[in-house]
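Before any comments, here is the structure.
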Amino acid sequence: MKKHSARVAPLTSYSTQVLTCPVSEGEEGSESHAETPASEATEERSQFQSCASTALKVLGGLLVVLFVSSSWVGTTQVVQLTFQSFSCPFFITWFSTNWNILFFPLYYSGHLVTTREKQTPIQKFRECSRIFGEDGLTLKLLLKRTAPFSILWTLTNYLYLLALRKLTATDVSALYCCHKAFVFLLSWIVLKDRFMGVRIVAAIMAITGIVMMAYADGFHGDSIIGVALAVGSASTSALYKVLFKMFLGSANLGEAAHFFSTLGFFNLIFISCVPLILYFTKVEHWGSLSALPWGYLCGVAGLWLAFNILVNVGVVLTYPILISIGTLLSVPGNAAVDVLKHEVIFSVVRLAATCIICLGFLLLLLPEEWDSVTLRFLAAFADKKGEEHGEELTESSVHTRSRSRANGTVSIPLA
């Protein structure tokens, strides 16, 4: 049986055997001529596919930038509209955070549509719960890991809404962009991230913008309180992100959806007592439930949920830097709405402070190797210019020689 058994060679070895068989010179030449166009066509096709995928990724990123900016602008503006008839910022924060429960069901629905290997909700939930450890989500981990992040999440949003009662949407969104500088400072101190001089400059610019924004109305009145609240919101947001990176690390889309839904459940179960306490103590008092502006409340919660989903989905689908740019574009978006709809007139000091903060935000988006990349680009650009200049000198020298020979003389170019 062993003598008569046949073994089929793999495709790679078979192709190697065919290409290495002896051929005559004529056959070899014809074969190389036949293979060259095919290889060139394959290379061109692969280049076209890579360019097309990059173009689609950039186009998708631009759309995500537009949606992220629009959802954040819409959230801020609808909150201010809600305050006209319902000035209860903590209730709005609590109600909107409860909508995070929908994050994982929406993610699982997308999983059923986009993947061939289907998993039950329990299987997918257990798989995504690995963000809390190998044992998954337990009651101890729920209280130990979720509670601090839930408190920071609530503080961030609550302080942001309080600031919107004191300042314009443009000022609050600009001050909130300082969270990027605070993240860098905390990461440098706590996580021992790499020191970068340009980011220190960006942090100084953010602090300068904060001081200028507070000085715009003379360090008194609602302005200084609003600036303090907005800076507090940016600070708690930065602390939330640094602690998330420290204890939970990076998370994929499924783990992020699981975590957000867990935050929503924790908020619904453990934080629900706070709105009741504020209600009975008359700090945030509302009438009957039927008198609440449910349309505005659902609008705020829906836009907030859409913003969080777009941020996490956008990081997976496109470049993360575009998501940060989308957040930054909410500043001019809110400014356009404030000027056109609310007829807000910005002082020169506020405009200068906003521009300084935004410029510092852009500097923080520079990659860690930006200096070496810039130097390599400048060196390559200089080499290319030198080659073009050398070709121009060679062409001019040849042209001069041809003209001299036509006239019966020989021209010797100087070195």
Please enumerate the residues belonging to the stretch 266-291 that are among the β-branched types (Val, Ile, Thr), part of a helix (DSSP H, G or I) and either touching a Pro at 6+ places or on another chain (Cβ under 6 Å) or free of Cβ contacts under 8 Å to residues at least 24 places away in the same chain (or both).
Ile269, Ile277
Looking at the structure I just gave you, is Leu143 within 22 Å of Phe104 (Cα to Cα) and without any contact (Cβ under 8 Å) to a residue 60 or more places away in the chain?
yes
Residues of the stretch 120-140 being without any contact (Cβ under 8 Å) to a residue 40 or more places away in the chain and of a type in the set (Val, Ile, Thr), in sequence order, are Thr120, Ile122, Thr138
Regarding the stretch 66-86, can at least one residue be identified that is touching a Pro at 6+ places or on another chain (Cβ under 8 Å), open to solvent by 40 Å² or more (accessible area, probe 1.4 Å) and more than 22 Å from Ser233 (Cβ to Cβ)?
yes
If you go through the stretch 178-211, how many residues are at pLDDT below 90 and closer than 13 Å to Phe361 by Cβ?
2
Name the one entry in Phe247, Phe307, Phe259, Phe266 that is in contact with a Gly (Cβ under 9 Å, 6 or more places away or on another chain) and among the aromatic types (Phe, Trp, Tyr).
Phe307
Quick check on my filter: what residues within the stretch 99-130 are of a type in the set (Val, Ile, Thr) and surrounded by 11 or more Cβ atoms within 10 Å (Cβ to Cβ)?
Ile101
Tally time: how many residues in the stretch 298-333 are in a loop (DSSP other than H, G, I, E, B) and open to solvent by 40 Å² or more (accessible area, probe 1.4 Å)?
2
Name every residue in the stretch 258-297 that is open to solvent by 30 Å² or more (accessible area, probe 1.4 Å), of a type in the set (Val, Ile, Thr) and either on the phi > 0 side of the Ramachandran plot or in contact with a Phe, Trp or Tyr (Cβ under 7 Å, 6 or more places away or on another chain) (or both), in order of residue number.
Val274
Tell me which residues, restricted to the stretch 249-277, are over 17 Å from Tyr158 (Cβ atoms), touching a helix residue (DSSP H, G or I) at 6+ places or on another chain (Cβ under 6 Å) and aliphatic (A, V, I, L, M).
Ala251, Leu253, Ala256, Ala257
Using the structure shown, decide if Ala214 is modelled with pLDDT under 90 and farther than 23 Å from Phe247 by Cβ.
yes
Scanning the stretch 275-295 for residues that are among the hydroxyl-bearing types (Ser, Thr, Tyr) and closer than 22 Å to Val78 by Cβ gives Ser290
State which residue pairs qualify: first residue of a type in the set (A, V, I, L, M, F, W, C) and inside the stretch 292-317, second residue at pLDDT below 90 in any location, beta carbons under 7 Å apart, and separation of 6 or more residues or different chains.
Leu292/Trp286; Leu310/Val64; Val311/Ile323; Val313/Leu253; Val315/Ile323; Val316/Leu253; Leu317/Gly60; Leu317/Val64
Any hit, the stretch 244-259, residues being basic (Lys, Arg) and more than 19 Å from the chain's Cα centre (by Cα)
no
Every residue from the stretch 65-119 that is outside any helix (DSSP H, G or I) and free of Cβ contacts under 8 Å to residues at least 60 places away in the same chain:
Gln84, Thr115, Arg116, Glu117, Lys118, Gln119
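The values are calculated or read from the model by the stated rules, or taken from the named source; none is laboratory data. It should be emphasised that the depicted structure is a prediction, and the values quoted were computed from it without experimental measurement. Positions of Cβ are backbone-derived with ideal geometry, glycine not excepted, and every protein chain shown enters the neighbour counts. With ligands, DNA and RNA removed, areas are computed over all heavy atoms of the protein, side chains included. Shrake-Rupley method; radii C 1.70, N 1.55, O 1.52, S 1.80 Å.
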